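This report refers to the structure that appears directly beneath it.
Quick note: the coordinates plus some simple rules give every number you see, no bench work behind them. Keep in mind the model is a prediction, meaning the values are calculated, not measured. Quick reminder, even Gly has a Cβ in these numbers, built from the backbone with ideal geometry, and neighbours come from all protein chains shown.
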Amino acid sequence: MNAPPESRNPHDAVSGWAGIPKEMTCVAEKLKLAGYATHAVGKWDVGMATPRHTPWGRGYDSFLGYFHHANGYSLVLLVLVLLALPVLPVLLVLTLMLPQVLERRAATHGHRAHQRLR
């Protein structure tokens, strides 16, 4: 269960509950503009005053976590780690292969561009 916020800025009626000001851009918004899927896991302790302050209002497609800093995560973290274990080898292989894939792609595109110039 989420605990209520303890501190508030009375001079900021919109973002006063520990919120990032709405006019600030968050990283998920930029990633979304670039075509990435965005997901957040953990404690969201940067605002909940309005829907715009929540992870979904900040550009995340999904969010698994709490909206406040007064919650423990040891069991949740353990479950997430156990769920992630089967995919870690796949992620490692993909990470190791990525530079080679990008090199081949650049070489292929460069070769095609050279052919078009002839």
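The calculated FRET efficiency for residue 23 paired with residue 56, based on their beta-carbon distance and R0 = 25 Å, is about 0.90. Between residue 108 and residue 78, the distance separating the two model label sites (each 7 Å from Cα on the Cα→Cβ line) works out to 4.6 nm.
Taking 30 Å as R0, compute the FRET efficiency from the Cβ-Cβ separation of residue 45 and residue 96 and round it to 0.05. Please report the intermediate quantities before stating the final value.
Details: r = 35 Å, r/R0 = 1.15.
Step by step, r from the Cβ atoms, then E = 0.30.
Summarising the amide proton neighbourhood of residue 41: residues at separation of 5 or more, or on other chains, whose placed amide H is nearer than 5 Å comprise 64.
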